[in-house]
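These notes concern the structure reproduced below.
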Amino acid sequence: MLGFGVTLGWLRFVPVNTNFYVDQIDNVSLVRLVRAVLPGVAPLLAGLAILALLILPLVPRLRQGDWLRPLVPVMLLGSPLSWRQYMGLVALDTLGKFEQLALALAGALALLIGMGVLPSDNMAPLVQGPLLLVLIWRWYRAARPVAKSADA
């Protein structure tokens, strides 16, 4: 990816790579879900629409200067490619019990599948489902209105 003339070649390959993997079952992005319902939608168009819809409720929080934590779930949900390996980024914020439990469940299932204890056939939704729920829950928690304090 780095080097003289290499970066441009890598950037040219990104759309090819995205188009190949965007509809894979282990892709935890909303773009994949949109394309499952509307197969003809371009990944870029779906991603931009999702990003716009997810960022709008965050504008008040972003104006307060809190950028990183609320945008992590937006970036992962709106990206055409979001793999379970990226889920560690949600730990940039404090995780609640539900999120910890969901991530532990997904990790345990992935481990058991990798060890051959559970069959790998059709198991991706069981692993990816909790991860997607955590991202949506993190976004919801960032987007909900913050109660005004009595001191304000």
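Computed from the coordinates by the stated procedures, all read-outs in this text should not be read as laboratory data. In this text the structure is predicted, and so the values were computed from the model without any measurement. Methodologically, a virtual Cβ is constructed for each residue, glycine included, from the backbone with ideal geometry; neighbour enumeration extends over all protein chains shown.
Expressed per residue, the C-alpha convex hull volume of segment 29-128 stands at 113 Å³. Residue by residue, segment 70-83 carries 3J(HN,Hα) couplings of x, 8, 4, x, 4, 4, 6, 6, x, 6, x, 10, 9, 9 Hz when phi is fed to the Karplus relation 6.51 cos²θ - 1.76 cosθ + 1.60 (θ = phi - 60°); x denotes Gly or Pro.
The string of couplings for segment 106-112 from the Karplus curve (6.51, -1.76, 1.60, θ = phi - 60°) is 4, x, 5, 5, 4, 5, 5 Hz, one whole number per residue in order, with x for Gly and Pro. Within segment 47-131, the chymotrypsin sites (Phe, Trp or Tyr not before Pro) that combine a DSSP coil assignment with at most 16 other C-beta atoms in a 10 angstrom radius are Trp67, Trp83. In order along segment 26-35, the Karplus-derived 3J(HN,Hα) couplings, from 6.51 cos²θ - 1.76 cosθ + 1.60 at θ = phi - 60°, round to 8, 8, 9, 10, 5, 4, 4, 5, 4, 5 Hz, and Gly and Pro are given as x. Taking amide H positions as modeled 1.01 Å from N, with prolines and chain starts lacking one, the residues under 5 Å from Leu118 and 5 or more places away or on another chain are Ile113. Look at where the Cα atoms of segment 46-93 and of segment 9-44 average out, and the two centres are 17 Å apart. In this structure, the amide hydrogen of Gly96, modeled 1.01 Å from its nitrogen in the peptide plane, lies closer than 5 angstrom to no residue at least 5 positions away or on a different chain.
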